[in-house]
1. Could you check the spin-label model distance between A43 and R78? Points 7 Å from the Cα along Cα→Cβ, value in nm.
2. Take the alpha carbon gyration tensor of segment 50-119, find the square roots of its eigenvalues, order them as a ≥ b ≥ c, and report rounded if a/c is under 1.5; if not, report prolate when a/b exceeds b/c, else oblate.
3. Quickly work out the L29-to-R107 label distance, labels modelled 7 Å from Cα along the C-beta direction, and quote it in nm with one decimal.
4. Only loop residues by DSSP count here, and only those with at most 15 other Cβ atoms within 10 Å; note down the GluC sites (Glu not before Pro) in segment 1-82 that meet that.
5. PRE reach from S18 (point 7 Å along Cα→Cβ): which of segment 29-50 fall under 17 Å by backbone N?
6. Of the listed values (i) 93; (ii) 169; (iii) 123, grab the one calculated as volume of the Cα convex hull per residue in Å³ from the structure here.
7. Give the residue list of trypsin sites (Lys or Arg not before Pro) in segment 34-100 that are DSSP loop and have at most 13 other beta-carbon atoms within 10 angstrom.
Amino acid sequence: AKVKIYAFDVDHTLEISSGPITLESLVPLRKEGHILGICGNWAAVAQCVIGWHNLFSFIGPMEIPKALFLNQIKTFIRADEYVMVGNILNVSGASDDKGAAEQAGWRFISEISFAHGER
């Protein structure tokens, strides 16, 4: 089976921070064997989601730009595909997740598209 790594922004992406993506919708991805992580406001997840570590395998970035964090993940964690899920700057949020994904060579899915079923 092909393994994907999904990195999720938090603010205006996940339901815990005014976004359209429910945590419940992520569970099937984890059960399919994909690796899920946070590339955004990880502190909100760690503080608000009981048992967050059962769903997410990594959290960050910590003191580095998102593109660099995504590069580190891609360098050291092998997968068949790398997917960043988040905002488009000034369209659906205040962070440039699409730009970070492009810089790091990751496929990008907007939070709206993911909430509507794109994987």
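Nothing in this text is a laboratory measurement; each read-out follows from the coordinates by a stated rule. Small disclaimer: the values here were computed from a predicted structure and weren't measured. Glycine gets a Cβ as well: all are built from the backbone with ideal geometry, and neighbour counts include every protein chain shown.
1. Here the modelled spin labels are 3.7 nm apart.
2. It is rounded, given that a/c, with a ≥ b ≥ c, falls under 1.5.
3. Inter-label distance under the simple model: 1.2 nm.
4. E32, E63
5. Residues 40-45 fall inside that zone.
6. (i)
7. Here the trypsin sites (Lys or Arg not before Pro) that fit, given the DSSP loop and packing criteria, are R78.
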